[in-house]
1. Tally the residues that are more than 17 Å from the chain's Cα centre (by Cα), part of a loop (DSSP other than H, G, I, E, B) and on the phi < 0 side of the Ramachandran plot, restricting the search to the stretch 229-268.
2. Counting only residues that are part of a loop (DSSP other than H, G, I, E, B) and in contact with a strand residue (DSSP E or B) (Cβ under 8 Å, 6 or more places away or on another chain), which one in the stretch 32-61 is surrounded by the fewest Cβ atoms within 10 Å (Cβ to Cβ)?
3. Can you say whether Asp174 is touching a helix residue (DSSP H, G or I) at 6+ places or on another chain (Cβ under 7 Å), away from the ligand (no atom under 11 Å from the Cβ) and in a loop (DSSP other than H, G, I, E, B), as far as the supplied structure shows?
4. Since Asp135 meets every condition but one in (1) more than 22 Å from Thr48 (Cα to Cα); (2) touching a His at 6+ places or on another chain (Cβ under 9 Å); (3) not aromatic (Phe, Trp, Tyr), which condition does it not meet?
5. Tyr283 is checked against (1) in contact with a helix residue (DSSP H, G or I) (Cβ under 6 Å, 6 or more places away or on another chain); (2) within 12 Å of the ligand (Cβ to nearest atom); (3) assigned to a helix (DSSP H, G or I); (4) not acidic (Asp, Glu) and fails just one. What number does that condition carry?
6. Could you pull out the residue among Gly168, Gly207, Gly221, Gly214 that is in contact with an Asp or Glu (Cβ under 8 Å, 6 or more places away or on another chain) and either assigned to a loop (DSSP other than H, G, I, E, B) or surrounded by fewer than 19 Cβ atoms within 10 Å (Cβ to Cβ) (or both)?
7. Filter the stretch 67-104 down to the residues that are in contact with a helix residue (DSSP H, G or I) (Cβ under 8 Å, 6 or more places away or on another chain), in a loop (DSSP other than H, G, I, E, B) and within 21 Å of Ala212 (Cα to Cα) and list them by number.
8. When residues of the stretch 125-171 are filtered for being over 23 Å from Glu246 (Cβ atoms), within 13 Å of the ligand (Cβ to nearest atom) and of a type in the set (Gly, Ala, Ser), how many remain?
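Rule-based calculations on the coordinates, nothing more; no lab input. Note that the structure is a prediction, hence the values are computed from the model and not measured. Every residue, glycine as well, gets a Cβ built from its backbone with ideal geometry; the counts of neighbours run over all protein chains shown.
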Amino acid sequence: MTTGPYPTTRFRRTKRTDALRRMVREHTLSVDDLIWPIFIRDGEDDETPVPSMPGVARLTVDRAVRAAETAAGLGVPAICLFPYIDTSLKTEACEEAWNPDNLSNRATRAIKAAVPEIAIMTDVALDPYNINGHDGIVKDDVILNDESVEALVKMTVAQADAGADIIGPSDMMDGRIGAMRSALEAASHQDVCILSYAAKYASAFYGPFRDAVGASGLLKGDKKTYQMDPGNSDEALRLVERDLREGADMVMVKPGMPYLDICRRVSDAFGAPVAAYQVSGEYAMIKGAAERGWIDGDKAMLESLLAFKRAGCDAILTYFAVDVARTLG
Ligand code: PBG
């Protein structure tokens, strides 16, 4: 033990000035840690605000390109695309998900062409394309695992063909990472990364996101037969180990702040790159309270993100990414 009794040890000595505090600080937040999720929609030079996520809007592809330029200019290393799909394109078989010219793939091509320096992460899950709002194919009220994996693999290859740098499977079906990794190898996409949503919980904090992608009204039931039970912790380690063995390069814990204990356990156990997703509900809580003057929004934003670094995360998906990059200067 290196800590002697008072007054030999006084913890306030290293807290006295900003210089001393900075010198002994263990963790810092950097723009390099950030992945910026954005919502995209069809149309031209337009955007639609998402009411439950103040400051966030669905952007048309041309505006998404400009957003990517802004992010890259501020040093944000990656952007993550989530499409808002017109209801007329949603079906039970979800074919639009692997259409090479769907909204997400068009946006990937446009951003790649204009802003090659930013990494593009794409979402692999069927919910934006599914008439019943689920991440997998539904038959007689059951979410079919293996049929869903087949669809997700087609979606993955189409996204890699379009130029995605990082594939982000957020679906939580079993066996999808191995199937995606083999398909990527077979399609000469051996250098495409997979950031697996490995420990993704069935959470109430996704509400505003489901509004943003237009899945809220459609979702029948809940996602408890594939997403994790919030009461579990050991299971997260088994899922992470499974996904790493199947070919994930990085793993994610989601949501973020209510699951910092999971971030820490995963980081300690594997030493693989770990990301956390500060999800829509976490963002909405901070924004909503700040708008009412109940908390200092900028300070709460920075403190909430630093917590992920302290918990052992290497990267953070956050809707605040561009605000943070500006604040960090
Ligand atoms: C679904 C998906 C969700 C999020 C990312 N991908 C929601 C869900 O599982 O219902 C949530 C992200 C957020 O809340 O910010 N594939």
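1. Adding up the residues that qualify gives 5.
2. Checking each candidate, the answer is Glu44.
3. On the way: touching a helix residue (DSSP H, G or I) at 6+ places or on another chain (Cβ under 7 Å): yes; away from the ligand (no atom under 11 Å from the Cβ): yes; in a loop (DSSP other than H, G, I, E, B): yes.
Yes.
4. Checking Asp135 against (1) more than 22 Å from Thr48 (Cα to Cα); (2) touching a His at 6+ places or on another chain (Cβ under 9 Å); (3) not aromatic (Phe, Trp, Tyr), the one that fails is (2).
5. (1)
6. Answer to the check: Gly221.
7. Matches in the stretch 67-104: Tyr84, Ile85, Lys90, Cys94, Asn102.
8. 1
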